[in-house]
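Below is one structure, written out as structure tokens, with a few remarks after it.
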Amino acid sequence: MKKISAIVTCGNEAAHIQGVLESLSWCDECIVVDSYSEDGTPEIASRFTDKVWQRAYVSPADQKNWAIPQASHEWVLILDADERVTPALEQEIRDLLHANTIPYVAYRIFRINYFMGKRIRFSGWQHDAVVRFFHRDHGRYPDQMVHEELVADGPVGTLKGKLLHFTFKDREHYLQKIDRYARWSALDKESSTGRITWFHTLLKPAFRFVKHFILQGGVLDGYAGWVIATTNARGVALRYRYMLANRNATTS
């Protein structure tokens, strides 16, 4: 049987770290890379693994790309602290590790998302999938600040088992992340964005709301769907507001 290393990157995740590590207890190795948490996250993690390392945070991609080569085993499962491996996913990965050959260098895993205590079945989150199980030597994250997705240098398969994703406990928590992501996205998209006009500041946010709430069925998620749609629209508007501020600061 092939062995597997699990990696969790985190920062101030005391509320989540035990749950994710318990769901990874079947792995041969668990590595936690902590961004100098101040809420006791490393101390909780050390109850489950002796490989708890601290490293200054630059971006999600940078943290994960540093962690991947630290894995002792060729096959890696990388999770965020607010994710959990389901029993079905665990068994599916175990079966692959028992097989003589694994046909793909990486695997995409669909997530079941929870927001404000409610399972989100629409709002565009119904198709949420991430590449998280992969061969250590065949996958890395691109250098970007937000929505980082592992890029594999070979064929990518899809697993049937799911991850549970406990996203945000309330609207305020979501707004904080959207604001942070808007700042980072302004940096990521600066080189590909020309002159900023009403199209960016008005139409694009409006379309993002319509996309989540109407086209992707967010209305069926009730109040949570409304929060997702309005907050994502706000994030788009903030992206260009921060981009304009950055440009003005550069020219002043």
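The values are calculated or read from the model by the stated rules, or taken from the named source; none is laboratory data. In this text the structure is predicted, and so the values were computed from the model without any measurement. Cβ atoms come from the backbone with ideal geometry, glycine included; neighbour counts cover every protein chain shown.
Within region 96-106, none of the residues are buried (at least 18 other Cβ atoms within 10 Å of the Cβ) and over 24 Å from Val156 (Cα atoms).
Residues that are more than 19 Å from His127 (Cβ to Cβ) and polar (S, T, N, Q) were ranked within region 188-230; the one that is surrounded by the most Cβ atoms within 10 Å (Cβ to Cβ) is Thr230.
Select from region 134-175 the residues that are over 18 Å from the mean Cα position of the chain (by Cα) and without any contact (Cβ under 8 Å) to a residue 24 or more places away in the chain and list them in ascending order. Within region 134-175, just Glu172 meets the criteria.
Could you list all residues from region 130-144 that are over 22 Å from Val58 (Cα atoms) and surrounded by fewer than 15 Cβ atoms within 10 Å (Cβ to Cβ)?
Hit for region 130-144 is Asp137, nothing else.
Among the residues of region 52-74, the one identified as within 19 Å of the chain's Cα centre (by Cα), without any contact (Cβ under 8 Å) to a residue 40 or more places away in the chain and within 21 Å of Asp28 (Cβ to Cβ) is Trp66.
The set of residues in region 145-170 being surrounded by fewer than 17 Cβ atoms within 10 Å (Cβ to Cβ), at pLDDT 80 or above and within 30 Å of Arg239 (Cα to Cα) consists of Glu149, Val151.
Here is a yes/no grid of residues against (1) part of a helix (DSSP H, G or I); (2) modelled with pLDDT of 95 or more; (3) surrounded by 20 or more Cβ atoms within 10 Å (Cβ to Cβ); (4) small (Gly, Ala, Ser):
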{"site": "Val58", "(1), (2), (3), (4)": "no, no, no, no"}
{"site": "Trp66", "(1), (2), (3), (4)": "yes, yes, no, no"}
{"site": "His73", "(1), (2), (3), (4)": "no, yes, no, no"}
{"site": "Ile78", "(1), (2), (3), (4)": "no, yes, yes, no"}
{"site": "Arg94", "(1), (2), (3), (4)": "yes, yes, no, no"}
{"site": "Ile109", "(1), (2), (3), (4)": "no, yes, yes, no"}
{"site": "Gln126", "(1), (2), (3), (4)": "yes, no, no, no"}
